[in-house]
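The values are calculated or read from the model by the stated rules, or taken from the named source; none is laboratory data. In this text, all values refer to a predicted model and were calculated from it rather than measured experimentally. Note: ideal-geometry Cβ built from the backbone for every residue, glycine included; neighbour counts use all protein chains shown. Protein only, heavy atoms only, side chains kept; ligands, DNA and RNA dropped before computing areas. Shrake-Rupley method; radii C 1.70, N 1.55, O 1.52, S 1.80 Å.
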Amino acid sequence: MKPVCRILAAAVFSLAALTAHAEVKTLTDVRGREVQVDVPAKRVVLGFYYPDYIAVTGADKFENVVGISREFWEKLNPGSWSLYAAKIPSLQNIGDIGNVNTGTFSFEKTLAMKPDVVVLADWQYDTLKEEMPRFEKAGIPVVVVDFNAQTV
């Protein structure tokens, strides 16, 4: 397994691990930020890397995902969406947070989903970083991952 895959796997497993008791863990994301997350997270918003999340946690753990960028996955990658939706019918019910790339990302929609954690790609965090205090004020941790960096 590539080092970056191990890091992504560790972060995702930390977020979605099944344990009898929730506890606060400090995770270090790809930006070197220490982020405190109550694990296992029961309400996750994913900005990107949906198939990677499923590959690491299993399709059944995707039920903990309450928000994604449906435009990015469903509209811009319909082949992938239809294959996954056929195997995970609950994808049709996941909330839409909008798309960072097209400027339709909605903090209001994301906050309304009451996530335990928001997982963003590094480039998404860069685009939205001026707005991160809104998540902090709401007490919602943001973990940044970057599969494309290919670094530890």
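Out of D38, D29, one residue alone is acidic (D, E), open to solvent by 20 Å² or more (accessible area, probe 1.4 Å) and at pLDDT 90 or above. It is D38. Condition (residue is assigned to a loop (DSSP other than H, G, I, E, B), under 15 Å from the mean Cα position of the chain (by Cα) and more than 26 Å from E23 (Cα to Cα)) applied to region 46-66: is it met by at least one residue? No. In region 58-84, the residues that are under 19 Å from V118 (Cα atoms) reach residues that are in a helix (DSSP H, G or I) and open to solvent by 40 Å² or more (accessible area, probe 1.4 Å) with C-beta atoms within less than 7 angstrom, at least six apart or across chains, in these pairs: A59/K87; E63/S90.
Elements of the type helices (runs of 4 or more DSSP H) sitting completely within region 68-152 and holding at least 3 residues that are out of contact with any helix residue (DSSP H, G or I) (no Cβ under 9 Å at 6 or more places or on another chain) and open to solvent by 60 Å² or more (accessible area, probe 1.4 Å): these cover 78-87, 107-112, 132-138.
Among the conditions (1) of a type in the set (K, R); (2) open to solvent by 50 Å² or more (accessible area, probe 1.4 Å); (3) at pLDDT 90 or above, the only one that K2 does not satisfy is (3).
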